[in-house]
């Protein structure tokens, strides 16, 4: 092939590649829906971080929260947060986390108050999520904290003091440190036999009520 032919061939390839790149850059529109408006995005962008970032302005007292809770929450969670039927309990359980059957409630398990506000605001009441205003959410959370003996009866919760509210189990959580604490186990050729150390059982599923034992388990034909 002559140098001129090679030159023309290279030019054709360059043009084809250029058109392909342009087509990839200009993705075809599907013709469905429209771009979300800023106010629509803001309406859904309501998440609150554990440090309190994202909390909306508002306030609510324990007394106000009690009225809202009894009207809209107690049917599932009980008048005193003890849980109704199979719905979860929200109060009590302090000191039970090391027991065989720990009672994980707001007062015994939750490490921070801000996630409680976030979860309540986004998901409660059951079947009518996001129906509570910011003030109503602050009030309900204040009442729940009071049920767990975390705040006083005359306490008012707001966006300024919520994140600083000290939870009983605040020290019970820590950052995932496996990248450093378990790095010694990360290798391409793990030991498969004659390994150092003797394996031992640290817990059983039956003790955690995850798997019934042979005496209480149902008989399967």
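No value in this document is a laboratory result; all are computed from the given coordinates. Computed from a predicted model, the values in this text were never measured in an experiment. Positions of Cβ are backbone-derived with ideal geometry, glycine not excepted, and every protein chain shown enters the neighbour counts.
For the stretch 22-69, compute Rg over Rh where Rg is the Cα radius of gyration and Rh is the Kirkwood radius from the inverse mean 1/r over Cα pairs.
Checking Rg against Rh, the ratio lands at 1.31.
What is the percent of Cα-Cα separations in the stretch 68-109 that go past 15 Å?
Value for the stretch 68-109: 41 percent of Cα pairs lie more than 15 Å apart.
What FRET efficiency comes out for the pair residue 195/residue 166, r = Cβ-Cβ distance, R0 = 41 Å, nearest 0.05?
0.40
Apply 1/(1 + (r/R0)^6) to the Cβ-Cβ distance of residue 158 and residue 205, taking R0 = 41 Å, and write down the FRET efficiency to the nearest 0.05. All intermediate terms of the calculation are to be shown ahead of the outcome.
On the way: r = 44 Å, r/R0 = 1.08.
Efficiency, from the Cβ-Cβ distance: 0.40.
For the residue pair residue 36 and residue 177, what label-to-label distance in nm results when each label sits 7 Å from Cα along the Cα-to-beta-carbon direction?
Each label point lies 7 Å from its Cα, and together they span 3.8 nm.
What ranking, highest mean first, results for peptides 98-105, 113-120 when packing means the other Cβ atoms within 10 Å averaged over each residue?
In decreasing order of mean packing, 98-105, 113-120 become 113-120, 98-105.
To the nearest 0.05, how large is the calculated FRET efficiency for residue 131 and residue 97 if R₀ is 25 Å and r is the Cβ-Cβ distance?
0.15
Using label points projected 7 Å from each Cα along Cα→Cβ, tell me how many nm separate residue 44 and residue 67, to one decimal.
Those two pseudo-labels are separated by 3.5 nm.
Based on the alpha carbon coordinates of the stretch 57-171, what radius of gyration and maximum Cα-Cα distance (Dmax) apply, in Å?
That works out to 13.2, 41 Å for Rg and Dmax.
Round to a whole angstrom and tell me the spacing of the C-alpha centers of the stretch 42-67 and the stretch 95-154.
12 Å
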